[in-house]
Amino acid sequence: MRTPAPESRPVALTIAGSDSGGGAGIQADLATMAAHGVFGTSAITAVTAQNTRGVDSSHVLPIGEIEAQLAAVTDDFAVGAAKTGMLATAEIVRTVAERASEFDFPLVVDPVMVATAGDRLLEPEAERAYEELLGEATLATPNADEAEVLTDIAVVDEETAREAGDAILETGVDAALIKGGHVPGERVRDVLVTADGARAFEHPRVGTEATHGSGCTLAAAIAARLANGEALERAVAGATDFLARAVRYYYDVGEGHGAVNHMVPLRNEAAREPTAEEVQAIVDRFVDADVSALVPEVGMNVVGATPYAESVAETAAIEGRITRTLSGVQPNRGVRFGASSHVARFLLSAREFVPDLRFAVNCRFDADVEDGLESLEWPVAEYDRGEEPTAVKEAEGNTMGWGARQAFADRDEPPIAVIDRGDVGKEALVKLVAADPETLADRTLALDREVTE
């Protein structure tokens with residue numbers, strides 16, 4: 001008989017409806033809680049028949065069943081935080097508010113009142129009942145339309161979001177997060193309003209309609225982080241980052257718009273070690289083949305991004321780069337995450353246009369390399385850092401972003417090689433990119449053969 005090895009986890013509670021399509025409701029909440037290392041419990045308020053195309057039908061559970069679920073969870077588990085989602089009727093809202101008055105843990109209320117298409121989901125009586133529930137809550141997370149229902153203030157920018165947030169605080173809730181997903185613009189701005197002031201959390205808008213369940217996911221992520229002991233503002237910051245990535249790397253499932261990817265952080269973390277190993281394998285092949293002819297004066301680096309990488313810290317590279325020696329090429333040190341700046345930033349910028357790209361290498365660029373590229377007949381793009389507009393450079397502070405736009409934007413076929421003609425006093429380079437490590441290694445070795453032969 002083996003000795004058990006139990007694991008202790010914080011517990012969170014979701015009070016919401018069931019989504020048979022898995023993208024929202026209880027299913028989304030529990031997946032999000034699991035992704036944050038929290039044990040999720042639930043009290044189901046309604047059962048819906050829905051998928052990625054829409055809702056076909058719904059059935060509201062009897063009040064007695066909802067009360068029994070709440071009692072069963074709170075009587076047995078040390079709940080660290082809770083969140084509400086679809087509450088369906090005024091009676092359910094009032095029931096949850098009554099139970100919430102006994103909670104000794106934070107409560108996040110997602111006032112599900114208005115559908116993404118703008119349709120009102122609750123009768124006026126149920127909308128009014130939310131004021132009582134908010135008075136028992138730590139945080140309210142209305143979208144712009146729901147904030148308008150609660151306050152009669154049309155949310156169209158950050159200023160009106162703050163006004164709506166201040167009005168919602170009058171219900172007695174500790175804080176209000178006015179979500180900006182429904183407000184037009186290139187960036188999504190969520191505004192957290194508390195008695196101490198307001199703070200905006202901004203992210204670039206993702207060009208997708210796969211946002212079903214995003215509100216559920218955000219509220220569940222905040223509740224999970226509160227259950228983990230995070231302070232409110234930090235929990236909101238982390239949850240908005242989590243949602244931005246979950247929307248960008250959404251699940252391509254169903255015949256509708258897909259579903260938010262609640263498991264992105266777990267899968268990204270799990271991919272770190274394999275990514276580092278793949279980078280090391282590429283380096284080993286370069287050492288064995290002695291690619292000295294391609295190593296620039298600044299040294300060569302190989303960069304691998306995790307599948308959902310959004311920052312340099314999520315890219316693995318050789319610390320100190322690969323340099324030429326009398327006996328061939330050698331890496332200065334081992335593989336480390338965050339070790340590359342230049343090539344990593346270029347790869348991340350390129351992924352904005354071709355998200356499948358995960359690996360890149362920088363090689364020297366001269367007439368021999370240019371001839372080699374022509375012989376291989378690869379799709380090649382180029383840019384000259386000296387031509388970057390000053391205004392862009394000052395605004396972005398990242399030539400790699402500008403260079404990637406020149407190389408990858410508005411092209412029928414993405415390039416394999418990108419020539420970076422450098423700037424005053426800076427060496428010209430060529431960067432090779434690929435979706436997988438073997439392809440990147442094969443391309444680099446093919447170019448090396450063309451140059452050396």
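Key figures
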read-out	value
Residues that are crowded, with 21+ Cβ neighbours inside 10 Å, of a type in the set (A, V, I, L, M) and within 14 Å of GLY372 (Cβ to Cβ), drawn from region 430-448	VAL430, LEU432, LEU447
Unique residue being at pLDDT 95 or above and within 30 Å of the chain's Cα centre (by Cα) when the list is ALA34, ALA68	ALA34
Region 253-275: number of residues that are touching a residue at least 40 places away in the same chain (Cβ under 8 Å) and open to solvent by 20 Å² or more (accessible area, probe 1.4 Å)	10
Those residues of region 68-99 which are aliphatic (A, V, I, L, M) and in contact with a Pro (Cβ under 8 Å, 6 or more places away or on another chain), in sequence order	ALA81, ALA82
Of all residues making up region 75-98, the number that are of a type outside the set (A, V, I, L, M, F, W, C), surrounded by fewer than 23 Cβ atoms within 10 Å (Cβ to Cβ) and either out of contact with any helix residue (DSSP H, G or I) (no Cβ under 8 Å at 6 or more places or on another chain) or in a loop (DSSP other than H, G, I, E, B) (or both)	4
Test: residue in region 228-240 that is in contact with a Pro (Cβ under 7 Å, 6 or more places away or on another chain) and in a helix (DSSP H, G or I)	no
Given (1) more than 16 Å from SER214 (Cβ to Cβ); (2) open to solvent by 10 Å² or more (accessible area, probe 1.4 Å), index of the condition ILE15 fails	(2)
Condition check for ILE44: surrounded by 20 or more Cβ atoms within 10 Å (Cβ to Cβ) and either basic (Lys, Arg) or in a strand (DSSP E or B) (or both)	no
Among (1) of a type outside the set (A, V, I, L, M); (2) farther than 26 Å from GLU125 by Cβ; (3) more than 24 Å from the chain's Cα centre (by Cα) - the single one HIS203 does not satisfy	(3)
Matching residues in region 344-379 - criterion: being in a helix (DSSP H, G or I) and open to solvent by less than 20 Å² (accessible area, probe 1.4 Å)	ALA344, PHE346, LEU347, SER349, ALA350, ARG351, VAL369, GLY372, LEU373
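The values are calculated or read from the model by the stated rules, or taken from the named source; none is laboratory data. Bear in mind the structure is a predicted one, so any value in this text is a computation, not a measurement. All Cβ positions, even for glycine, are placed from backbone atoms using ideal geometry, and neighbour counts span all protein chains on display. For the accessible areas, the whole protein counts, side chains as well, though only heavy atoms, and no ligand, DNA or RNA atoms are used. Shrake-Rupley method; radii C 1.70, N 1.55, O 1.52, S 1.80 Å.
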